[in-house]
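Below is one structure; the comments refer to it alone.
Bear in mind that the values in this text are calculations on the coordinates, not laboratory data. This one's a predicted model, so the numbers in the text were calculated from it and none came from an experiment. Note: ideal-geometry Cβ built from the backbone for every residue, glycine included; neighbour counts use all protein chains shown.
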Amino acid sequence: MSRQAKVAVVLSGCGVYDGSEIHEAVLTLLALDRAGARARCFAPDIAQRHVIDHRTGKETKESRNVLVEAARIARGQIEDLKTFDAKEFDAILFPGGFGAAKNLSSFAFDGANCQIDPDVARAVKAMHAAKKPIGALCIAPTLIAKLLAPVEVTIGSDAGTAKAIESMGAHHTKTAHGDVVVDRANRVATSPCYMLDATISQIADGAQNTVTAVLEMVGT
């Protein structure tokens, strides 16, 4: 790249069970920084669908805000997704975690009939219309499948999720650790990450490879 790429990273809270998967989010930001890209974090200013005690895995009676919780990962440097302007960015990336399927969409509850958060939909469609690359990790490719079908994506090898993706009109490709599926026509790169039983090193590989694929598409 002849100049520093500007990449939006969309978070969905903080914590695998009700927000962004922290390893995926941080390793994506690390990969972007090491590649010389400038990342800016966004999240919708909405209530979480619910709050999970990450020690027990049980739902609590707390209420939390997606933007406020995502700010923990971004060290406070985060913006309301409502302010996102596709003209300011070269690419957009979505780390996974159940927040992508609970807060950014209703996929965790409604499967193929899910609804996508309006600001998420606006951001993805604006980047797609501008032919700018889109990356998604773990369960986040379901957002892309819903919005951009017949796009090609991957979530690894989970048969139920793959079937839901296909029923949304998208194409699913089975993959292993670190693999990235690149749909060059739609300028989309996806990787399974923690949709597979993975180590943190394997997550780093998936994040790095996705970032590499996205940045290679910038400006092409």
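Summary of values
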| quantity | calculated |
| --- | --- |
| In order through the range 92-109: 3J(HN,Hα) via Karplus (6.51 cos²θ - 1.76 cosθ + 1.60), integer Hz, x for Gly, Pro | 9, 10, 10, x, x, x, 4, x, 5, 9, 10, 9, 7, 7, 10, 4, 4, 9 |
| Reachable lysines, given that their alpha-carbon falls under 23 Å from the alpha-carbon of LYS82 and they are not under 8 places away in the same chain | LYS6, LYS102, LYS125, LYS131, LYS132, LYS146 |
| In order through the range 122-139: 3J(HN,Hα) via Karplus (6.51 cos²θ - 1.76 cosθ + 1.60), integer Hz, x for Gly, Pro | 4, 5, 5, 5, 5, 5, 5, 5, 8, 6, 9, x, 10, x, 8, 10, 6, 8 |
| Lys/Arg +1, Asp/Glu -1 at C-beta; the range 20-141 dipole; positive extreme among ALA47, GLY57, ALA86 | ALA86 |
| Neighbour-count order for SER191, SER167, fewest beta carbons within 10 angstrom listed first | SER167, SER191 |
| Karplus (6.51, -1.76, 1.60) ³J(HN,Hα), θ = phi - 60°, over the range 189-194, in Hz, Gly and Pro reported as x | 10, 9, 8, x, 6, 6 |
| Amide H contacts of CYS138 (H built 1.01 Å from N, under 5 Å, at least 5 apart or other chain) | SER191, CYS193, TYR194, MET195 |
| Rg/Rg_ref, the range 6-217, where Rg_ref = 2.2 N^0.38 Å and atoms are Cα | 0.90 |
| Longest site-free stretch - the chain; sites: trypsin sites (Lys or Arg not before Pro), DSSP loop, at most 14 other Cβ within 10 Å | 76-130 |
| Sequence-distant residues sharing a close amide H with ALA39 (under 5 Å, placed H) | VAL7 |
